[in-house]
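Engineer: My questions all concern the structure below.
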Ligand code: SAH
């Protein structure tokens, strides 16, 4: 983020615009939305510029800019369309310590003007640091369509009511009140009764909220999926949006945590294989204490919470503590990995059962029904299997599995650094050691990447 977005208070601040023609007009129209004291400098202004200046009550100077023009200015815009003229204004501005923007010249500018969606006082600034103006415009159009024009009206009435709303305790209660106003009662009053009644409606709504009993806390145990934010369920996203406290695993990616409310309290409780970990009792104690204080807790787990996620231990403790809870499923790694290689986890005539295994349990390397797993056609997704590959390979070969059984290792499934390593049972351990994939990995025993995919270069990073 080379350009830091801020909202500048231009109330009664001088802003200088040097230029003529379409570019200057466009900037002037934008600046006219602010309460800045605008001075336009143009030696020979076009009639349209003269007219707009008069219309918005700006000052027009019919000459070249001088050093004194910039004294005390908050911002300066150079839009003359002449590189030398623009550069001259930029020099004058910088000498006076004034931030300057040269229209359509990113390198020469101290700041850039974003694409703006205007629902004042709600304004959305979109910037791409010059990387993709087309994208900025597309986002703007999208938001323009999505945000009702009445949003500004709601926000203006809301702003005046902020003080009164302080009668509600800070935090959840107040947030619930505002959510109710902006997303439910407010739009309804606007539509049915008009803006004049908004203030009345706000008072009535406040009374309702003051009279209602404080809400009790709850815990949602939520699957975050394999890592890609768009592989989360809509329900998971909306719970994250409302959470007061997010208690998350090491497997949950930063991109997903970004989606939570910024004011939420984030508590990492990493429990990765051999890494540092928070004892299970501490995690449950955390959930219980926050929920008892009335917080909405989201316990966010990688993949699906019901698969190797110690879900029952947590829900049992919550039940015992008398706390309301619910589970939201997520895409488990086996599904994401199978999708990545374009294969089906089950197939008629090949495997009627699918094994989801963990290579590790509390006691260390986990024993399994190796006999069943060694049968031709058997398919198993092995979680936490990276360090157990040699053990699994030995056990399966010992129980008569076909040495050429396909095995696919998928690491960082669904994430930008996803890797696919296709091998066979007899070379599993050595191929895995050679490839040493970073991050979490799953072993898909009995599955190879779909043949069709093999033909597409780049889709499969490594294919033996
Ligand atoms: N509840 C999770 C599994 C937790 S166990 C789920 O449903 O997916 C942790 C193991 O999951 C890791 O050791 C790894 O084997 C696997 N895993 C989790 N996320 C992964 C990812 N993005 N790519 C590959 N493996 C992953």
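The values are calculated or read from the model by the stated rules, or taken from the named source; none is laboratory data. From a predicted model like this one, the values you see are computed outputs, not experimental measurements. Because the Cβ atoms are built from the backbone with ideal geometry, glycine has one as well, and the counts that use them run over all protein chains shown.
Engineer: Which condition breaks for residue 417 when tested against (1) within 11 Å of the ligand (Cβ to nearest atom); (2) touching a residue at least 40 places away in the same chain (Cβ under 8 Å); (3) out of contact with any helix residue (DSSP H, G or I) (no Cβ under 6 Å at 6 or more places or on another chain)?
Structural biologist: (2)
Engineer: Would you call residue 227 within 29 Å of residue 362 (Cβ to Cβ), within 17 Å of the chain's Cα centre (by Cα) and either more than 16 Å from the ligand (Cβ to nearest atom) or touching a residue at least 40 places away in the same chain (Cβ under 8 Å) (or both)?
Structural biologist: In short, yes.
Engineer: Please state which one of 205, 240, 221 is away from the ligand (no atom under 16 Å from the Cβ), within 30 Å of residue 412 (Cα to Cα) and buried (at least 19 other Cβ atoms within 10 Å of the Cβ).
Structural biologist: So the residue among 205, 240, 221 that is away from the ligand (no atom under 16 Å from the Cβ), within 30 Å of residue 412 (Cα to Cα) and buried (at least 19 other Cβ atoms within 10 Å of the Cβ) is 240.
Engineer: Just for region 281-294: of the residues that are at pLDDT 90 or above and touching a helix residue (DSSP H, G or I) at 6+ places or on another chain (Cβ under 8 Å), which one is nearest to the ligand (Cβ to nearest atom)?
Structural biologist: 283
Rundown of residues vs (1) under 11 Å from residue 15 (Cα atoms); (2) outside any helix (DSSP H, G or I); (3) in contact with a strand residue (DSSP E or B) (Cβ under 9 Å, 6 or more places away or on another chain), yes/no style:
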| position | (1), (2), (3) |
| --- | --- |
| 49 | no, no, yes |
| 54 | no, no, yes |
| 77 | yes, yes, yes |
| 81 | no, yes, yes |
| 85 | no, no, yes |
| 88 | no, no, yes |
| 106 | no, yes, no |
| 110 | no, yes, yes |
| 116 | no, yes, yes |
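Engineer: Kindly indicate whether residue 338 is assigned by TED's automatic domain parsing to the domain that holds residue 395, away from the ligand (no atom under 12 Å from the Cβ) and either over 27 Å from the mean Cα position of the chain (by Cα) or in contact (Cβ under 8 Å) with a residue 40 or more places away in the chain (or both).
Structural biologist: no
Engineer: With 233, 315 as the choices, which residue is in contact (Cβ under 8 Å) with a residue 60 or more places away in the chain and closer than 27 Å to residue 337 by Cα?
Structural biologist: 233
Engineer: Would it be correct to say that residue 260 is in contact with a helix residue (DSSP H, G or I) (Cβ under 7 Å, 6 or more places away or on another chain) and either assigned to a helix (DSSP H, G or I) or more than 15 Å from the ligand (Cβ to nearest atom) (or both)?
Structural biologist: yes
Engineer: Something else now. Based on what the data block shows, is residue 28 surrounded by 15 or more Cβ atoms within 10 Å (Cβ to Cβ) and part of a loop (DSSP other than H, G, I, E, B)?
Structural biologist: no
Engineer: Name the residue, out of 72, 97, that is exposed (fewer than 14 other Cβ atoms within 10 Å of the Cβ), assigned to a loop (DSSP other than H, G, I, E, B) and touching a strand residue (DSSP E or B) at 6+ places or on another chain (Cβ under 7 Å).
Structural biologist: Going through 72, 97 in turn, the sole match is 72.
Engineer: Check residue 303 against each of (1) modelled with pLDDT of 95 or more; (2) touching a helix residue (DSSP H, G or I) at 6+ places or on another chain (Cβ under 9 Å); (3) more than 27 Å from residue 412 (Cα to Cα) and name the one condition it does not meet.
Structural biologist: Result: residue 303 fails condition (3) only.
Engineer: Return yes or no: is residue 406 away from the ligand (no atom under 16 Å from the Cβ) and surrounded by fewer than 21 Cβ atoms within 10 Å (Cβ to Cβ)?
Structural biologist: Answer is yes for this residue.
Engineer: Just name the residue that is nearest to residue 406 (Cα to Cα) out of those in region 301-335 that are assigned to a strand (DSSP E or B) and more than 11 Å from the ligand (Cβ to nearest atom).
Structural biologist: Among those residues, the one meeting the criterion is 328.
Engineer: Something else now. For residue 435, are the conditions met, namely being within 15 Å of the ligand (Cβ to nearest atom) and at pLDDT below 95?
Structural biologist: In short, yes.
Engineer: State whether the residues of region 212-231 include one that is modelled with pLDDT under 90, touching a strand residue (DSSP E or B) at 6+ places or on another chain (Cβ under 9 Å) and in a helix (DSSP H, G or I).
Structural biologist: Among the residues of region 212-231, not one is modelled with pLDDT under 90, touching a strand residue (DSSP E or B) at 6+ places or on another chain (Cβ under 9 Å) and in a helix (DSSP H, G or I), which makes the answer no.
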